[in-house]
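Visitor: Here it is, the structure in full.
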Amino acid sequence: MSATVVAAGAGGGGAGSARYAFAGAAELAEAQLRALSETYDLFTLQRLAATGVGRGWRCLEIGAGDGTLARWLAGRVAPGGEVLATELDTAVDALRRRAGEEVRVLRHDIGRDPVPPGPFDLVHARLVLQHVPNRREVLDRLHGALRPGGWLQIDEFDVSYGPVLLAPSADAARLYERYLAAKAEVLGAAGARTVWGREVAGELAAAGFTEVDPQPRVALWRAGHPGLALQASHLRTLREPLLAAGLTDRQLTEVADLLEHPGFAVCSPVWYSVQARRE
């Protein structure tokens, strides 16, 4: 018997009960999800595998995104397991096309809707809860949805770090730093907590989780790295609010060119993959 995969709503690029800043055109969302998967799927899957997820487990994937993580989980829990993933209204049709016949797609908003009926052996959320204003309440609900001994994994950024290491000029380095500051301003204005990655471990401990294990990761991003492709997708999706934040068309074009420059290198933001268990 194969695993059952159900996609239900809010994440991987989605958000619950927030003015989600990345709600752009479908083709922009596709590019962003592809770059995100290429940049972080390997680390995410290594961490998920470390929980021991396997045959017969019942999993909740909050934010199906492009469906890669849900499909991987389905392969691990078969036969007899179940994977419920989640996505918002605006992304359901795209997810249905990407996921194929093996995935049933439902609409769900983790910030507003009750957690799908548990208990779950594993719950995972990637780049979702920073966009959900009532994230602490959501953590409490997720704690209650886990079986005793069940795992929660949350993967989030802290975008306050990401220095320029090499640039074709000092002006180019300053422009990139200005772009990062403007993007953080835009995301914050839309309700995102852009440094939440470094706060996740403490929030999980406060919510009653045990065995809290935060693992930070940074990487070198140079031309051709999918991390810079992710930045380029943000540049396109957030173009109008970035202009409203004070950047000019010319500056945005210069940033886009810089991301492809062979003499440009930056450190990624800090990516936190935090695991914890329900006692």
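The values are calculated or read from the model by the stated rules, or taken from the named source; none is laboratory data. Note that the structure is predicted; figures quoted are calculated from it, not measured. Reconstructed Cβ throughout: ideal geometry from the backbone, glycine too, with neighbour counts over all protein chains shown.
Visitor: Determine which single condition Gly118 fails, assuming it passes every other condition in (1) outside any strand (DSSP E or B); (2) at pLDDT 95 or above.
Guide: (2)
Visitor: Considering only segment 121-159, state which residues are basic (Lys, Arg) and assigned to a strand (DSSP E or B).
Guide: Arg126, Arg147
Visitor: Can you find even one residue in segment 268-278 that is surrounded by fewer than 17 Cβ atoms within 10 Å (Cβ to Cβ) and not small (Gly, Ala, Ser)?
Guide: No, segment 268-278 has no match at all.
Visitor: So which residues in segment 151-173 are of a type in the set (Phe, Trp, Tyr) and surrounded by fewer than 21 Cβ atoms within 10 Å (Cβ to Cβ), if there are any at all?
Guide: Correct list: Tyr161 only.
Visitor: Could you check, for segment 30-50, whether at least one of its residues is at pLDDT below 80 and touching a Gly at 6+ places or on another chain (Cβ under 7 Å)?
Guide: Within segment 30-50, not a single residue is at pLDDT below 80 and touching a Gly at 6+ places or on another chain (Cβ under 7 Å).
Visitor: Going through Glu240, Glu254, Glu260, Glu279 one at a time, which residue ends up being under 23 Å from Ala189 (Cβ atoms) and either modelled with pLDDT of 95 or more or out of contact with any helix residue (DSSP H, G or I) (no Cβ under 7 Å at 6 or more places or on another chain) (or both)? Even if it seems obvious, please write down each step before you answer.
Guide: Values: Glu254 fails: under 23 Å from Ala189 (Cβ atoms); Glu260 fails: under 23 Å from Ala189 (Cβ atoms); Glu279 fails: under 23 Å from Ala189 (Cβ atoms).
Going through Glu240, Glu254, Glu260, Glu279 in turn, just one is under 23 Å from Ala189 (Cβ atoms) and either modelled with pLDDT of 95 or more or out of contact with any helix residue (DSSP H, G or I) (no Cβ under 7 Å at 6 or more places or on another chain) (or both): Glu240.
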